[in-house]
Amino acid sequence: MPAAMTTFRSLTADEVETITAQGCTADDWSAVEVADGFLADRVRRVHFAGRVKVGDLSGEVRSVTGLTKPAGIYAAHLVDCMIGNGVRIANVGVHIAHYEVGDGCCIEDVGTMETRPQASFGNGVEVEVLNEAGGREVILFNDLDAQVANLMCLHRHRPKLIARLTAMAQAAVEQVRSDTGRIGSATRMASVGKMIDVNVGEYAVIDGAASLVNGTVLSRQDAPTTIGAEVEADDFIVAESSRVDGGAVLSKSYVGQACRIGKQFSAEGSLFFANCEGFHGETCSVFAGPYTVTHHKSTLLIAGYFSFYNAGSGTNQSNHMYKLGPVHEGKLQRGCKTGSFSYIMWPCNVGPFSVVLGKHTRSFDTSDFPFSHIEATAAGRSMIVPGLNLMTVGTVRDGAKWPQRDGRKGALRRDRISFDVLSPLTVGRMIRGSAELKQLQETTDRDVETVGVGGAEMKRVLLRTSQKYYRTGIEMYLYERVVAHVEAALADGATTLAYALVEEPEAVAGTDWLDVGGQLMPRRRLDDLCAAVENGDVADFSALAARLDAIDQARVDDEWAWVKEAYRQVFEVDLDTATVEDLQRVADSLLAVRSKMLNLVQIDAQKEFEKYARTGFGQGGSAEDADHDFEAVRGRYEENSFVRQLSDEIAALTARVASFKENVAKLT
């Protein structure tokens, strides 16, 4: 039974005598109360100050190292505390003051644990994210998610929305404000130097942290959180199933669910959402959307917005141009990567799933050119090849690995994450980008060597090639979505073409889609949501979360409405008038374009096994030794699991198309 629900009584004279003989003292023994099951012989060298309640001390608990030890209170100074049932507290250097300690906790070798009056435990901290100089502050609170943070950060053009969100955040802060901190049940703590104004959820492990000040460690039985050795954190919130260790330093930062932060990583004024990883390097004023990864020393991410991002070693950005200070900001949209020692001078806006290499000293906006290869010249000019990244092994692998690497545990998953690589967002951008490339091709003189694309430059002779890349991606996506939608309709019992192709009347068919902190949605959905917050129809974060969940659930229907309109635009064909033969041709087209793309990816993968890739193998031996050494380490191309997966996918697609054509023939 939790201590808060336990019936307490005063100490008996015999109990006072016993624990006094065991080195215990009190400012006022009448202010000390205990529960049935209190064992006086398990309280030794303890000083009680203020009102202290102690639960049932029978039984044993598990320590940080996994050893089982008897419950009890040993060598501690307790001030105004409530200690739960089956708790072990041992070797407190200074004191534990103003805390409720949940049942089954084990707290050993801590210096100071204290809650000061009206503590908010990291809630209410304003993080100057994205713009280091301020103006895009995100207010921390326990239930913060990537979508709410996105609204607070990026929608400053809607002052009424920001005012409403701020008021909602302030209300959330007041709900947790307290004079007493809480340590959740079954939490295990050891070797903690200082912990002031910190709430800890149940089943957390805090092992060797140096200093935790003004924060919350969210943790649940089904999603425990770990704070490890030498961590220093102030003004922070760490969410469930995350791990922060290895001497990490956090200041004014939020760490979302299933994140991994460690190996001397430093974060200031930064937000990390689900499944981010930060090791060795540092961030400042960063909005790290889901799956942002930075693993290397000498990597500084500053004043940037990222998601599904992989930072190469030595990656760096500059957020000031030596005029008005660090006021500039930039975006690497979902799925981008930067090569080793890449440098970008903000402001910049890089389109989704692009690769950025080299030192870029000029601003550019390639948001309408996803899947691009952007490389700096020696003079710092940005050269772009739109669409080149569509056919690479890395892009295909990324799309497959992200859902598999979702480390969030338990039923509570705050961030809404859309994993699709090809989606109305990226395909819509490819349609717009392709139209711009076509116009450039038609209007540019053949004597011109390079043309401007979004502030970057590309070789004129590649205009047609990039259009082909985009055409392949657009067709592959549209054909796939038509086939998949009809397959789902057939599985639901559709018997007519009209039923199989119909769109839901509530679906939003907007042409423009947005990425809202990792969640994809039509712009109209977001506009309607913002309006509902502004006019008070959405009054708190619980209601806002419900609306965001509803938008996520409607995404499949919204996407189908978008696909039908895009299909009409791209192919000049209305799917509502499609025949069985038309759908069968769509399936054949899917097989052709998807197989072509997979074959190109296989060719790209084969480069990893070519002769140049074997350089350095078989040291001191013959060329034949090098081949054998390479195969012993890397294997054969034909036996590579990813290559086999691609071959299997082509075979499966062939069978799928044959089955589809047979089943769709039954529709009337």
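The values are calculated or read from the model by the stated rules, or taken from the named source; none is laboratory data. Quick caveat, the model's predicted, so the values are computed rather than measured. Positions of Cβ are backbone-derived with ideal geometry, glycine not excepted, and every protein chain shown enters the neighbour counts.
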- Note on the structure: Apart from one, (1) surrounded by fewer than 23 Cβ atoms within 10 Å (Cβ to Cβ); (2) closer than 30 Å to Thr65 by Cβ; (3) basic (Lys, Arg) all hold for Lys160; the odd one out is (2)
- Do any strands (runs of 3 or more DSSP E) entirely within the stretch 312-389 hold 1 or more residues that are closer than 24 Å to Cys153 by Cα and of a type outside the set (Gly, Ala, Ser), and if so, which? 316-318, 330-332, 343-345, 348-350
- Just a yes or no: is a residue in the stretch 199-208 small (Gly, Ala, Ser), closer than 22 Å to Asp540 by Cα, crowded, with 18+ Cβ neighbours inside 10 Å and in contact with a strand residue (DSSP E or B) (Cβ under 6 Å, 6 or more places away or on another chain)? no
- Residues in the stretch 275-291 that are buried (at least 24 other Cβ atoms within 10 Å of the Cβ) and either part of a loop (DSSP other than H, G, I, E, B) or modelled with pLDDT under 95 (or both) total 7
- Message: Looking at the stretch 462-498 only, could you name the residues that are over 21 Å from Tyr567 (Cα atoms) and either in a helix (DSSP H, G or I) or free of Cβ contacts under 8 Å to residues at least 12 places away in the same chain (or both)?
- Response: Leu462, Leu463, Arg464, Thr465, Ala491, Asp492, Gly493
- Going through the stretch 38-79 in order, the residues found to be crowded, with 17+ Cβ neighbours inside 10 Å, assigned to a loop (DSSP other than H, G, I, E, B) and within 39 Å of the chain's Cα centre (by Cα) are Ser63, Val64, Ala71
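Conditions tested, residue by residue: (1) within 30 Å of Leu478 (Cβ to Cβ); (2) crowded, with 22+ Cβ neighbours inside 10 Å; (3) out of contact with any helix residue (DSSP H, G or I) (no Cβ under 7 Å at 6 or more places or on another chain).
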{"site": "Phe369", "(1), (2), (3)": "yes, yes, no"}
{"site": "Thr392", "(1), (2), (3)": "yes, no, no"}
{"site": "Ala400", "(1), (2), (3)": "yes, no, yes"}
{"site": "Pro403", "(1), (2), (3)": "yes, no, yes"}
{"site": "Ile431", "(1), (2), (3)": "yes, no, no"}
- Would a scan of the stretch 460-470 turn up a residue that is touching an Asp or Glu at 6+ places or on another chain (Cβ under 7 Å) and surrounded by fewer than 20 Cβ atoms within 10 Å (Cβ to Cβ)? yes
- Qualifying positions in the stretch 516-536 - crowded, with 18+ Cβ neighbours inside 10 Å and closer than 16 Å to Met152 by Cβ: Val516, Gly517, Gly518, Gln519, Leu526, Leu529, Cys530, Val533
- Message: Just the residues that are surrounded by fewer than 15 Cβ atoms within 10 Å (Cβ to Cβ) and aliphatic (A, V, I, L, M), please, taken from the stretch 21-37.
- Response: Ala21
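Residues checked against (1) modelled with pLDDT under 95; (2) within 20 Å of Gly428 (Cα to Cα); (3) surrounded by 18 or more Cβ atoms within 10 Å (Cβ to Cβ):
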residue: Gln317; (1), (2), (3): yes, no, yes
residue: His320; (1), (2), (3): yes, no, no
residue: Gly325; (1), (2), (3): yes, no, no
residue: Glu329; (1), (2), (3): yes, no, yes
residue: Gln333; (1), (2), (3): no, yes, yes
residue: Thr338; (1), (2), (3): no, no, yes
residue: Trp346; (1), (2), (3): yes, no, yes
residue: Val355; (1), (2), (3): no, yes, yes
- Among Ser211, Ser242, which is without any contact (Cβ under 8 Å) to a residue 40 or more places away in the chain, buried (at least 24 other Cβ atoms within 10 Å of the Cβ) and not acidic (Asp, Glu)? Ser242
- Failed item in (1) at pLDDT below 95; (2) more than 19 Å from the chain's Cα centre (by Cα); (3) closer than 24 Å to Phe273 by Cβ, with Arg362 passing the rest: (3)
